[in-house]
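Heads up, the thing below is written out as structure tokens.
The values are calculated or read from the model by the stated rules, or taken from the named source; none is laboratory data. Everything numeric in this text was worked out from a predicted model, so none of it was measured. Neighbour counts are summed over all protein chains in view; Cβ atoms, including those assigned to glycine, are modelled from backbone coordinates with ideal geometry. Ligands, DNA and RNA are excluded from the accessible area calculation, which covers all protein heavy atoms including side chains. Shrake-Rupley method; radii C 1.70, N 1.55, O 1.52, S 1.80 Å.
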Amino acid sequence: MTTRFRLPAGRSYNVRATELARDRQRTEVVCNVLLLDNTVQPFKVNKHDQGEILLDAVFKHLELTERDYFGLHLADDSSDSPRWLDPNKPIRKQLKRGSPHHLNFRVKFFVSDPNKLQEEYTRYLYFLQIKQDILSGRLPCPHNTAALLASYAVQSELGDYSEAENLPGYLSEFCFIPNQPQGFEKDVTKHHQQHNGLNPAQSELNYLNTARTLELYGVELHYARDQSNTEIFIGLISAGIAIFKNRVRINYFPWLKIVKISFKCKQFFIQLRKEVHETRDTLLGFNMVNYRACKNLWKACVEHHTFFRLDRPVPPQKNFFAHYFSLGSKFRYCGRTEAQSVQYGKEKGIKDRVFARSPSKPLDRKLMGVTDWEAVSRNSLSEERLETQSLPTRSPPGTPNQ
């Protein structure tokens, strides 16, 4: 016979609940994300979560539909190789110890034609990104082109030029390019006078169509040295891989000409298809700073090729032995490709979305986009604004070797 006992009346203490709360606090980290309007938004996540959890939290905060063009750049990383948050790896394996962590929300894949972006909101985020890159010196721009781009930005923010309202010096509080020379504002004003009738969306689209003609538009640069030990940058673009020296393109390899990309230790290799007069393929080697920089470049190449060249990501191998006994990295890009993103935008995009544009905020920045985090954080952070997200995780798919 089973005897049932009733808990006596009085006070109780839930030991298990307090233990769980303590463990939860120890595993939670704060990630401060610098958004494209130069505000910092903090997010609380579990350090054991996949990177996808943090990405989804940022996308949800921004109410972003066309998500696959964007990513989180690791601002804590001081290497010469850009690193992006991998959605299929635990956060604790990608960020340095300590909290809070700093990340930049950025455009990751730059489309060759801005008209592929279905939402005005997405084009506006592109506009903010390029404007920021020009101001920081990340995206070099000739004087005449810079003045034209600045005039479109002014038209978007201030509207039509009016002699009664736009008095001399009305652009004095704007900063468009690094080390802005005297007389630049006059050139911007001349262009601004010619844009009457353009609404913000039209001005920003004209801005993007002009910006895409720049030499380094959409180029992700990775520092390297060639076989003669000359300092170069390996640039990834939608159409292939380019080699830059002193910010000038000296070589270019379209994806159609590339047979294979690989790396070993800190050496990165590009195998080129043989020409008609050649007997074998050409193998080009480059020296990276270290192994991690080399792998970052290789992963970026895989992502760019998959996104821009394939209709859909490479499906995972289902072979048991290939999964457990394959050599080398099994990393593959698993998001939507450009073709899928365009179609998704057409189906799910909100064409008449209403959103607020942010006014220009002068910010002291160092070259190459390094941000004074403390200055920005003081203006935009508060404990009450911390966002905590608990979203369903997605198991990383297996990936084939190519």
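When only residues in region 100-140 that are of a type in the set (Ser, Thr, Tyr) and open to solvent by less than 20 Å² (accessible area, probe 1.4 Å) count, which is nearest to Cys301 (Cα to Cα)?
At the first step, the residues of region 100-140 found to be of a type in the set (Ser, Thr, Tyr) are 112, 121-122, 124, 126, 136.
Still in the running and open to solvent by less than 20 Å² (accessible area, probe 1.4 Å): 122, 124, 126, 136.
Numbers: Thr122: 24, Tyr124: 26, Tyr126: 21, Ser136: 25 Å.
Step by step, filter region 100-140, then rank; the result is Tyr126.
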Check your understanding: On the given criteria, is Leu95 surrounded by fewer than 21 Cβ atoms within 10 Å (Cβ to Cβ) and of a type in the set (A, V, I, L, M)?
Key -> no
Check your understanding: Quick one: which of Ile237, Ile232 is over 30 Å from Gln155 (Cα atoms) and surrounded by 15 or more Cβ atoms within 10 Å (Cβ to Cβ)?
Key -> Ile232
Point to revise | Filter result (under 13 Å from Asn287 (Cβ atoms) and of a type outside the set (Val, Ile, Thr)) within region 221-232 | key: His222, Tyr223, Ala224, Arg225, Asp226, Gln227, Ser228, Asn229, Glu231
Study note, to complete from the structure: Those residues of region 213-266 which are of a type in the set (A, V, I, L, M), assigned to a strand (DSSP E or B) and farther than 27 Å from Cys141 by Cβ amount to Ile258, Val259, Ile261
Exercise for review: Filter region 141-153 for residues that are surrounded by fewer than 19 Cβ atoms within 10 Å (Cβ to Cβ) and either assigned to a loop (DSSP other than H, G, I, E, B) or hydroxyl-bearing (Ser, Thr, Tyr) (or both) and give the result.
Suggested key: Pro142, Thr145
Revision key, fill the gap. How many residues of region 166-211 are part of a helix (DSSP H, G or I) and not hydrophobic (A, V, I, L, M, F, W, C)? The answer is 15
Review point. Restricting the first residue to region 104-127 and requiring it to be at pLDDT 95 or above and aliphatic (A, V, I, L, M), which pairs with a second residue that is surrounded by 20 or more Cβ atoms within 10 Å (Cβ to Cβ) and part of a strand (DSSP E or B) meet a Cβ separation below 9 Å and a spacing of at least six or different chains?
Key: Val107/Phe70; Val107/Gly71; Leu125/Phe70; Leu125/Phe105; Leu125/Val107
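Hey, could you check region 207-229 for residues that are buried (at least 20 other Cβ atoms within 10 Å of the Cβ) and within 23 Å of Arg123 (Cα to Cα) and say which is farthest from the chain's Cα centre (by Cα)? Don't jump to the end; show me each part of the working.
At the first step, the residues of region 207-229 found to be buried (at least 20 other Cβ atoms within 10 Å of the Cβ) are 207-208, 211, 216, 218-220, 222, 224.
Next cut, within 23 Å of Arg123 (Cα to Cα) only: 207-208, 211, 216, 218-220.
Working: Tyr207: 19, Leu208: 17, Ala211: 17, Leu216: 15, Gly218: 11, Val219: 12, Glu220: 10 Å.
Restricting to residues being buried (at least 20 other Cβ atoms within 10 Å of the Cβ) and within 23 Å of Arg123 (Cα to Cα), the top hit is Tyr207.
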Revision key, fill the gap. Filter region 154-165 for residues that are assigned to a loop (DSSP other than H, G, I, E, B) and under 27 Å from Leu139 (Cβ atoms); the one that is least open to solvent (accessible area, probe 1.4 Å) is Gly159
